[in-house]
Amino acid sequence: MKFTVARDVLAEAVNWTARTVPSRPSVPILAGIRMTAQDGILALSSFDYEISTRSEVEADIEHDGDVLVSGRLLASISKALPDQPVECSLEGAKLNVICGTAHFTLATMSVDEYPLLPHMPKVRGSIDAQVLAQAISQVSVAASADDTIPLLTGVRMEIEDDKITLLGTDRYRLAMREIAWEPAQPGISTALLVKARTLSDVAKSMTSAGRVEIAFDADLESQPNSLIGFTAGTRRTTSTLMDGDYPPVRRLFPEETAIHTVVNRHELLDAVKRVSLVAEQKTSVRLGFANNQLVLEAGQDDNAQASEVIAAQQVGGDIQTAFNPRYLESGLAVLDSDYVRFSFTDPAKPAVVTGQKEENTDQDLSFRYLIMPIRFGI
């Protein structure tokens with residue numbers, strides 16, 4: 001095998017593929033990136049039996065071939081190379097990487113022992129890459145990071161015809177985002193459970209594409225280890241779906257709320273960041289809405305304390321509550337509106353956080369963030 005490729009092209013492709021290379025692989029061979037040079041295309045792939053990635057770039061190929069080398073080492077080298085064409089050639093059990101006066105020799109692993117990438121499921125539709133990325137970022141913040149409850153580390157994707165609803169919860173907060181997509185055929189109705197970490201990685205790595213194709217198996221019940229796939233340009237990712245019954249979290253959103261307040265989101269987010277500096281671990285930021293003002297307080301009597309007042313528009317009376325500052329901050333941060341609305345039924349019950357463009361306009365219900373008061377759990 002021998003090929004030449006532009007340094008930036010190689011570095012970008014290698015580093016995109018290396019994202020899913022496990023840091024502690026179950027078997028050493030899974031730490032590799034497979035490089036296949038054929039017909040003017042250099043394909044790079046990685047697979048750990050759960051997540052697969054593959055990217056393709058154009059290259060000047062002198063001799064076709066296939067090689068497997070350490071993914072993380074190749075990524076580090078490709079980023080450090082000078083800005084000149086990179087020549088790679090296989091000599092025996094070594095891969096020579098030459099760029100300008102820089103010369104590296106990498107040990108190779110057995111390609112024959114490397115697992116074959118899974119076949120991409122059938123494409124079921126497509127969606128704007130930026131819309132998908134924003135929706136995933138909004139919902140994944142609420143997914144659990146605690147692997148002791150694996151089911152809650154996933155994001156539920158409910159697909160009904162031309163609408164996708166994403167849901168994520170860690171029992172103390174719940175995020176739901178509805179987005180439109182273009183199904184390949186009408187009438188699709190299914191629910192998929194995908195690891196939030198995988199979806200977040202897809203969101204970050206495919207935003208440069210115009211559209212993302214979404215692929216999945218139609219009959220999930222009859223196909224164990226079913227896959228979901230994402231394709232953008234010459235890049236693709238597949239992941240096995242999670243098993244289990246996701247809790248019926250939609251019912252947690254109240255049908256009616258008697259009290260709501262509207263606050264400038266940017267002012268509130270900055271204020272939360274400031275007052276939470278004195279909030280010790282597992283303590284709250286207290287919010288008091290009265291007289292068209294929001295008073296934020298944090299800290300204990302015997303330690304540091306902080307308070308701040310910002311303007312608020314109230315409907316339905318005064319209310320006092322308290323939230324985990326990290327949960328409140330992350331929910332405010334993923335909104336993309338200038339104003340935020342808090343809707344309450346009772347101080348001890350969950351508050352629904354939504355965005356709105358202006359202070360006196362309707363709320364945007366496409367994204368809803370439910371947050372429990374401190375000391376309570378969903």
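The values are calculated or read from the model by the stated rules, or taken from the named source; none is laboratory data. If you're wondering where the values come from, they're calculated on a predicted model, not measured in any experiment. Heads up, the Cβs are rebuilt from the backbone with ideal geometry, glycines too, and the neighbour counts pull from every protein chain shown. Surface accessibility is based on the protein's heavy atoms, side chains included, excluding ligands, DNA and RNA. Shrake-Rupley method; radii C 1.70, N 1.55, O 1.52, S 1.80 Å.
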Would you check which residues across region 8-38 are closer than 18 Å to Arg236 by Cα, within 22 Å of the chain's Cα centre (by Cα), open to solvent by 10 Å² or more (accessible area, probe 1.4 Å) and polar (S, T, N, Q) and list them? Asn15, Thr20
The listed residue being surrounded by 15 or more Cβ atoms within 10 Å (Cβ to Cβ), of a type in the set (S, T, N, Q) and in contact with a Pro (Cβ under 6 Å, 6 or more places away or on another chain), out of Thr231, Thr238, Thr283: Thr238
So, Gln313, is that one loosely packed, with under 14 Cβ neighbours inside 10 Å and within 22 Å of Lys349 (Cα to Cα) or not? no
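Restricting attention to region 362-370, does a residue exist that is in a loop (DSSP other than H, G, I, E, B), open to solvent by 10 Å² or more (accessible area, probe 1.4 Å) and in contact (Cβ under 8 Å) with a residue 12 or more places away in the chain? Working first, answer last.
We begin by selecting, within region 362-370, every residue in a loop (DSSP other than H, G, I, E, B); these are 362-363.
Still in the running and open to solvent by 10 Å² or more (accessible area, probe 1.4 Å): 362-363.
Within this subset, residues satisfying the condition of being in contact (Cβ under 8 Å) with a residue 12 or more places away in the chain are 363.
Within region 362-370, one or more residues are in a loop (DSSP other than H, G, I, E, B), open to solvent by 10 Å² or more (accessible area, probe 1.4 Å) and in contact (Cβ under 8 Å) with a residue 12 or more places away in the chain.
Would you confirm whether any residue within region 261-271 is touching a Gly at 6+ places or on another chain (Cβ under 8 Å), within 30 Å of Glu297 (Cβ to Cβ), surrounded by fewer than 21 Cβ atoms within 10 Å (Cβ to Cβ) and at pLDDT 90 or above? Explain how you work it out, then say what you get.
Going through region 261-271, the residues touching a Gly at 6+ places or on another chain (Cβ under 8 Å) turn out to be 265.
Applying the additional criterion that residues be within 30 Å of Glu297 (Cβ to Cβ) yields 265.
Checking the rest, the ones that are also surrounded by fewer than 21 Cβ atoms within 10 Å (Cβ to Cβ) come to 265.
Restricting the remaining residues to those that are at pLDDT 90 or above gives 265.
Yes.
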Restricted to region 165-193 and to residues being among the aliphatic types (A, V, I, L, M) and touching a helix residue (DSSP H, G or I) at 6+ places or on another chain (Cβ under 9 Å), the residue surrounded by the fewest Cβ atoms within 10 Å (Cβ to Cβ) is Ala180
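Go through region 118-164 residue by residue and tally those that are among the β-branched types (Val, Ile, Thr), assigned to a strand (DSSP E or B) and open to solvent by less than 20 Å² (accessible area, probe 1.4 Å). Steps first, answer last, please.
Restricting attention to region 118-164, the residues satisfying the condition of being among the β-branched types (Val, Ile, Thr) are 123, 127, 131, 136, 139, 141, 148-149, 153, 155, 159, 164.
Then keep just the ones that are assigned to a strand (DSSP E or B); that gives 123, 127, 155, 159, 164.
Cutting the leftovers down to open to solvent by less than 20 Å² (accessible area, probe 1.4 Å) gives us 127, 155, 159, 164.
Here the count works out to 4.
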Of (1) free of Cβ contacts under 8 Å to residues at least 40 places away in the same chain; (2) not in a helix (DSSP H, G or I), Ala271 fails just (2)
